[in-house]
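Read through the structure below, which is laid out as structure tokens, and then see the notes.
What follows draws every value from the coordinates through simple rules; no lab data is involved. Please read these numbers as outputs of a predicted model, since none were measured by experiment. Every residue, glycine as well, gets a Cβ built from its backbone with ideal geometry; the counts of neighbours run over all protein chains shown.
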């Protein structure tokens, strides 16, 4: 199949970026979207041009490193899918595919389609852990955790930190990401001791990083590869209020 | 730690918004008087307005109402400024309609339309009746200010009727999204409850939009 | 050099305890002054970095990804084994030890394997405390499932995302220590070479992947936690960035490379569908708990899977291995699949797959149970292939997966370079010639959390009198210059073929000759081909861009240059081992039924290779079996 990629090229964080069009003729529907870009890059190398920079690692939808805006959607046209899971069969022969980097003030562009998502790590740093040292753990079955609680914690713990929620949100809100982590740990008995501190500090960091407010457009839960529900944000709000009262 | 503006502002908007939602119920109930035959409606409507103006408790509520509107608008503005700063560069191609409703993406725009409506609405009624700006309203047989006449005469103008009706569409949209998300902003996260809330918000928004929107027409054709 | 595995004296059950009792301690005031470099931020790297930091050491941790959370431990799906015996089904540390040793076809050290099994139970406690949402029964206790090669249920899991949950716990703990200012994290930083001063590992040269700048970091000890090297096959279940460069550079600086040819081919990955493919996605082995593997009993059957009646299906694993059936170990299941595919019974468009069928499981357990157990795997399958596996069987195929081989380490996880440690998949330690499912997360975690933090002090205590390494030492100048010249040399080739072209070629050679089945002629041929490929690469590879700045092509190129060299050693290792054991199957050594034939009297050793300026030299670490009698590994 033949498609035209319109891809954002930007040399460095401060450089001015622009779209460039590349026509690729010999793609197949079996190829993943990233493999199509790999192929385009090989063609560019052979032509002596510098390759397009984009990110990926596991290519099976779990590491969260890939992620670009494809034809106006985070991770492409399907709901709840990562960029690496997108295949060319989702496009038609002759299509023009517009590819942009995640856009958010807190995710500055490094080069072309690569953005810096360290802001997420800094939110994690502010309390997305249980302060227990290696070697101090009691017997695993000592504290029973009902299946419903473990399952609910797992639902939100599944976040892969790809940043699609921020990318798609018109406010660049990191509420879904932060809520997912807070709710995971605060639900579990092991996470209770630090629950209020965790909510306060992680949400404060979210503010410090310059992310916007959540206005519940619901776009994030549609683009989230792990289908993390937006209800989590409401739950985080409740935990926030609780932390202000009891913390 | 200082107040987290991401939460503080949203909480204010949600709280004031929900308060305004309650106010609208009262407002619409009163408006329903206008649907009664004129001889009954005029007396009832005017005495009701007089009661509202003179009751000290209602006066306090009125001030809360004014403050709510101002806070709602000011904080919405602050949030919008902040949110725009968080997304300084927009996407060249964005299919936001595929992952979210138009309303949720445009609450600010819709809010401005409603604000415009409120300004006109206050100029039409509040300014004339309470501030005495413009032509002074008359009195009815019972000696109450004839608010009914003010309303009735306004809605003889087809342009006003259209304005009052059409702008109830953004009101309905705003209420629908606002009611749903206001509860979430205040931390209501019960799964089933939220599903019920979504239905309630739809019904509420529809009643408000249709209720407020249809009355000027009925008055016009009365 | 004589290889000393430093196995402590005493009975098997007491060795680790004895070791801990006798190893040297360092007082907290001195720990503060000691600096450790950890390369890699996966389960073993993050586990080691955070635990060392908790103990008081100063740690610098490096990863090539944009965040520590991306490390490939994240992709392990099925679970983690532990001898908790929660299911009351006769499990014990000893049984787990035996299963692992037997699973590895008796090509690993008894003492190491026993320690692995022994430390598995406290590890589950540790992760539960760190907030890992393991699957639970309604009553709140932990659930287990079974995995290949084992007849008890000892695998703990968090849906099909166990690796992710464990990694995120390790990443969280790491960030806790970053906040405490005890760990300094360097993402987008790739180790380019090791600096050895006076025979001891004292630092590394790192390339900042954003600016392209080379930077020097000195430390009192260096820990490599850089994962597996199966990307040498190009198509594998590994992340695209996974590479063997760090361990290869260490190998070239004097660390012995053990059993490089022991690489595991995983039986249940998605089949290759095109030449352009970059990755074979793994479908967790846990699927074999409930799924049944079959091929049509007629050759070249073109009917759809659901149209083939029950009596015309060949459940070949159940047929060949009745007692383990679909839960036969990975090497055996992969080889059995290869046998059927090669014989012309393969399914799918390219006839390179077998079916993994859930029809019976859904009938027996109901759709909801299957969804609860494997929902995310079925979703993943749907996303990648567009096929609904609840309605028709999955198509799966063997794919390169785990590397049991790696840097040779002693009982303390130290390589042959003093002060250089290797933890997790990048070392050779516990899995022998074949790793059992759900032991990978276990080994990585145990190495990082429990073993290394207890053994590194033994070495560091001896360095207290030494001067701290200085990045201005001439050794740093020398190594940095070498790295810089190496990179410039790659850019300067300016030939006509892409890096991916050479990687595809290398992958083909390795997959054909050094994967599921090997033979003398093929391996000799492969070595020649790779040597030729290496020459072509250095004469005709083309890379655009420059050494400075972010250049993904350059990254691929220098990783591939190392893979090419490693490929030669892998084939050489496979060639010298004239027996079949575990994942290493030499066609010359098989029974009439096609089962592996081990030659214990000659090959009961760990091969450890010295780089020796490219003329690899073999050293043998003889394996002593004092507690277990190696037997023919039968799963029939």
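Remarks
- Set of region B:28-47 residues, backbone N closer than 18 Å to the point 7 Å along the Cα-Cβ line of residue B:221: B:32-38
- Using the Cβ-Cβ distance between residue B:27 and residue B:81 with R0 set to 30 Å, the FRET efficiency works out to roughly 0.50.
- Taking 4 °C and 1.567 mPa s as conditions, region A:147-195 diffuses translationally at an estimated 113 µm²/s according to Stokes-Einstein applied to its Kirkwood radius (Cα pairs).
- Using the Cβ-Cβ distance between residue A:49 and residue C:470 with R0 = 56 Å, the FRET efficiency computed as 1/(1 + (r/R0)^6) comes to roughly 0.85.
- Once the Cα gyration tensor of region C:391-550 is diagonalised, semi-axes √(5λ) in Å: 34, 30, 16
- Simple spin-label estimate for residue B:123 and residue C:274 in nanometres, 7 Å along Cα-Cβ: 6.2 nm
- Counting beta carbons within 10 Å around each of C:636, B:87, C:184, C:620 and listing the fewest first gives the order C:636, C:620, C:184, B:87.
- Over region C:271-405, Cα pairs under 8 Å with separation of 6+ residues give a relative contact order of 30 percent.
- Unit Cα scatterers, Debye sum, region C:267-400: log10 I(q)/I(0) for q = 0.09, 0.12, 0.14 Å⁻¹: -0.23, -0.42, -0.58
- Entry note: chain B has Rg to Rh equal to 1.01, where both radii use alpha-carbon atoms and Rh is the Kirkwood radius.
- Alpha-carbon gyration tensor eigenvalues x 5, square-rooted, for chain C, Å: 37, 29, 24
- Under 15 Å from the residue C:184 label point (7 Å along Cα→beta-carbon), backbone N, region C:448-481: C:469-472
- Separation in nanometres of the label points that stand 7 Å from Cα toward Cβ, at residue C:625 and residue B:115: 8.1 nm
- Short-range pairs are left out: with C-alpha atoms under 8 Å and at least six residues apart, the relative contact order of chain C is 20 percent.
- Cα pair distances in region C:185-337, grouped into 10 Å bins until the bin that holds the longest one, percent each: 9, 26, 26, 17, 12, 8, 2
- Cα pair distances of region C:84-171 binned at 5 Å [whole percent]: 3, 13, 22, 23, 20, 14, 4, 1, 0
- Projected label distance in nm at residue A:148 and residue A:26, using a 7 Å step from Cα toward the beta-carbon: 5.9 nm
- Its residue count N sets the reference 2.2 N^0.38 Å, and the alpha-carbon radius of gyration of region C:520-563 equals 1.47 times that reference.
- Coarse-grained scattering of region C:474-599 at q = 0.09, 0.17 Å⁻¹, given as base-10 log I(q)/I(0) from a Debye sum over alpha-carbon atoms: -0.35, -0.85
- The mean of 1/r over all pairs of different alpha-carbon atoms in chain A, once inverted, gives a Kirkwood hydrodynamic radius of 19.5 Å.
- Equivalent ellipsoid semi-axes, region B:1-114, via Cα gyration tensor eigenvalues times 5, rooted, Å: 38, 20, 9
- Note on the protein assembly as shown: Kirkwood radius taken over Cα pairs, Stokes-Einstein applied at 37 °C and 0.692 mPa s, translational D equal to 104 µm² s⁻¹.
- Cα gyration tensor category, rounded, prolate or oblate, for region C:6-98 with a/c compared to 1.5: oblate
- Counting Cβ atoms of other protein chains within 10 Å of each Cβ in C:507-520 and taking the mean gives 0.
- Percentage relative contact order, chain B, counting C-alpha pairs under 8 Å, at least six apart: 31 percent
- Residues A:131, C:236, ranked from the fewest to the most other C-beta atoms within 10 Å, line up as A:131, C:236.
- When C:425, C:363, A:139 are sorted by how many other C-beta atoms sit within 10 angstrom of their C-beta, beginning with the fewest, the order is C:363, A:139, C:425.
- Quotient of C-alpha Rg and 2.2 N^0.38 Å, computed over region A:164-230: 1.13
- Kirkwood estimate for region A:3-111, i.e. one over the average of 1/r between Cα atoms, Å: 14.4 Å
- FRET efficiency for residue C:94 and residue C:30, using Cβ-Cβ distance with R0 set to 45 Å, rounded to 0.05: 0.75
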